[in-house]
Amino acid sequence: MNCLLKDNVQLLDLPDELILNIMNKVKPHVLLLSSIITIGNNRLEQLALDRCHSIDLTFDYVQSPYETLIQRFYSDIMPHIINNVQSLTLTIRHIPHIITFAEKNSNGTLPNLTHLKIMIGKQHDQTGTPYTLHRSRMKHYRIFRRSKPLLPIIPQFVRLEGYIGSRILYAVRCSPLMRSIVSFELDDECILPIVSNPGRLFFPQSMQLTHIRITLDEFDECVSLLSQLGSQLCSLTISIVYVYVENADIISQIESISCPHLKQLTMKIYQNIIHYEECIISVLQRFSNIEYLTLLLAIDGTTSRLNNFVNGFDLEKDIVSYMPNLRQFNFHIRTIFENATHIEIDTIRQSFLKYQKGSVDCAVDYFNNNYSQCQIYSLPFNGNRLDFISNRFPLFNMNKTFSMVTMLLLFDDVKPFENLFFARIARDLPYLRTLELFNELEQQEKTRVTTNNIEFTHLSTLILFDIHMDYAEQFLYRSHLPCLIELAIDKDILLTIIAQDQQPARDNCSKVENLLTSETYCDSVDAVRNFFPLVSH
């Protein structure tokens, strides 16, 4: 006790700036609040209260050791900081607690709360490790993609319909808590459930809401959102899973959209858009006051009845000419065709003559499966994701154009990916976290490989379903994967890897907590368990 008192005196002797530096190092921040607020030291308590503008509760998970801390936070800490909290980031499981607290203490609101961010909380129950892949979603997308080549399966969107999470999200969207909210964000991987209240209002209590970041399942929901809130929106970041014309009324609804204050728009659509001109172009042409525009799109050119890959002429004619106030336009647009007529890449480049030299680049691919694609993108590259990258894509250059990419899908049915290609990825994409590989061609240069020290420093999720055995060996034998926690792999290839029992593979699989296979491995559970000690089988 005397030692603790002595340390406390020494802490109080420090200037405020040093104490604040120490406070900033305490994680999670709520632990600091629970340790200082209400202990009776007015100076420390005031310093802590001054740091309460932003609260993050995402450190919590199902079997978290912080259960007692969370109970104390709601019972003892929140009453003291209720007027300080301006920004709140939490997982879905905390929403009922926040709503209940607000109802009991402040007529259902937190008076100064303006920013609310909700995360889905996809974490391992025992360890809290975040995960990406979901077994049922992986199976669904793999089947769908076989009939629709060049269709990505990552990220794995979470649907909450029919689950308690859906009711919880509905409750918060309709609660008085939203009355003061100016900025609302929902986890990019979570699809906002379909609205079921009268009038299908997305945020019936949110008269001050001007900034939104959400993911919607279908395009018509986006139109409904814009029809309801368009007059008050200033900034919108929206991801849409499926884009197609569901009914003829959608066209007239688009024509009624008015967004006079919308200055900033980011639109992300990674599933192939079926009706590009009817949906996307029609909506974009309603946004005449946009100043900052980012488009990350994948377009099915065949079903959209396009005559060519989307190019610079199309962007100018269909989008830019409708936005006289546009100051910055970032884009990465991938157009996919079946049985397309061959076009030279220089023809695509010439369509961007109006753009400053070096501000746009492109790549064209013709695959053996009769599909082709063209990717056009502004520079510096704005996204963190690349899909269906082949050997012919200019992934590597002196400028390290794609160095911030964290999610990569590699595909080629013309040429195998060799060891040197992966060595360059490890070097030029240093923040890569998720990698999917789709190539069933045998490597041709594997006999020349003399080094096994390729390291993917941050790679945590690896998908190896539709591959040649060489690529499993490439990653699990000839690479170092210190952060690998998720592995999706063909069952037969996995069992071959286990049977060969090489130490590099054991090391790379030792931290895996989420293992997905193409088929069940009931007859090999013991062998798999021995190789993946952290996986729940």
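The values are calculated or read from the model by the stated rules, or taken from the named source; none is laboratory data. All values reported here derive from a predicted model rather than from experimental measurement. With ideal geometry, Cβ positions are generated from the backbone for all residues, glycine too; neighbour counts draw on all protein chains shown. Keep in mind that these areas ignore ligands, DNA and RNA; they rest on the heavy atoms of the full protein, side chains included. Shrake-Rupley method; radii C 1.70, N 1.55, O 1.52, S 1.80 Å.
Brief remarks follow.
- Any pair with Cβ under 8 angstrom, 6 or more apart, that starts in the stretch 389-408 at a residue that is closer than 21 Å to GLU344 by Cα and ends at one that is part of a strand (DSSP E or B) and open to solvent by 30 Å² or more (accessible area, probe 1.4 Å): PRO394/ASP361
- Residues within the stretch 462-477 that are charged (D, E, K, R) and farther than 14 Å from GLN500 by Cα, tallied: 1
- Restricting the stretch 40-53 to residues that are in a loop (DSSP other than H, G, I, E, B) and modelled with pLDDT under 80, the residue that is least open to solvent (accessible area, probe 1.4 Å) is ASN41.
- Flag if ILE348 is among the aliphatic types (A, V, I, L, M), over 19 Å from PRO152 (Cβ atoms), outside any loop (DSSP other than H, G, I, E, B) and in contact with a strand residue (DSSP E or B) (Cβ under 9 Å, 6 or more places away or on another chain): yes
- In the stretch 90-128, the residues that are open to solvent by 20 Å² or more (accessible area, probe 1.4 Å), in a strand (DSSP E or B) and modelled with pLDDT of 95 or more: HIS115, LYS117
- Matching residues, the stretch 269-281, being in contact (Cβ under 8 Å) with a residue 60 or more places away in the chain and in a strand (DSSP E or B): TYR270, GLN271, ASN272
- Of residues in the stretch 412-451 being of a type in the set (A, V, I, L, M, F, W, C) and either open to solvent by less than 10 Å² (accessible area, probe 1.4 Å) or in the same structural domain as VAL364 (by the TED database) (or both), the one farthest from PRO130 (Cα to Cα): PHE417
- Residue tally, condition within 24 Å of ALA298 (Cα to Cα) and open to solvent by less than 70 Å² (accessible area, probe 1.4 Å), over the stretch 258-267: 4
- When GLU519 is tested against (1) farther than 22 Å from ALA426 by Cα; (2) assigned to a helix (DSSP H, G or I), exactly one condition is not met: (2).
- In the stretch 54-73, residue farthest from GLY128 (Cα to Cα) [restricted to those that are loosely packed, with under 15 Cβ neighbours inside 10 Å and not charged (D, E, K, R)]: SER54
- Some residue of the stretch 368-391 being farther than 26 Å from LEU459 by Cα, surrounded by fewer than 20 Cβ atoms within 10 Å (Cβ to Cβ) and of a type in the set (D, E, K, R): no
- Residue within the stretch 304-314 that is part of a loop (DSSP other than H, G, I, E, B), open to solvent by less than 10 Å² (accessible area, probe 1.4 Å) and modelled with pLDDT under 95 present: yes
- Qualifying residue in the stretch 369-387 (condition: more than 19 Å from LEU151 (Cα to Cα) and over 30 Å from the mean Cα position of the chain (by Cα)): no
- Residues of the stretch 70-89 classified as over 30 Å from SER536 (Cα atoms) and in a helix (DSSP H, G or I), total: 10
- Answer residue from the stretch 129-158, given it is modelled with pLDDT of 65 or more and of a type in the set (Phe, Trp, Tyr) and is surrounded by the most Cβ atoms within 10 Å (Cβ to Cβ) among those: PHE157
- Selection of first residues in the stretch 218-233 that are touching a residue at least 40 places away in the same chain (Cβ under 8 Å) and of second residues that are assigned to a helix (DSSP H, G or I), restricted to Cβ pairs under 8 Å at least 6 apart or on distinct chains, gives the following pairs, ordered by first then second residue: PHE219/ILE250; PHE219/CYS279; CYS222/VAL283; VAL223/ILE250; VAL223/GLN253; VAL223/ILE254; VAL223/VAL283; LEU226/VAL283.
- For the stretch 201-224, the condition holds for at least one residue, the condition being that it is at pLDDT below 95, among the small types (Gly, Ala, Ser) and under 22 Å from ASN289 (Cβ atoms).
- Checklist (1) touching a residue at least 24 places away in the same chain (Cβ under 8 Å); (2) over 30 Å from THR303 (Cα atoms) applied to PRO380, failing item: (1)
- Among the residues making up the stretch 22-39, those that are among the hydrophobic types (A, V, I, L, M, F, W, C), outside any helix (DSSP H, G or I) and open to solvent by less than 50 Å² (accessible area, probe 1.4 Å) are VAL26, ILE37.
- SER403 of a type in the set (S, T, N, Q), under 22 Å from GLU473 (Cβ atoms) and not assigned by the TED database to the domain that holds ILE299: no
- When the criteria are applied in full, ILE348 fails the requirement of being touching a helix residue (DSSP H, G or I) at 6+ places or on another chain (Cβ under 6 Å), of a type in the set (Val, Ile, Thr) and closer than 21 Å to GLU277 by Cβ.
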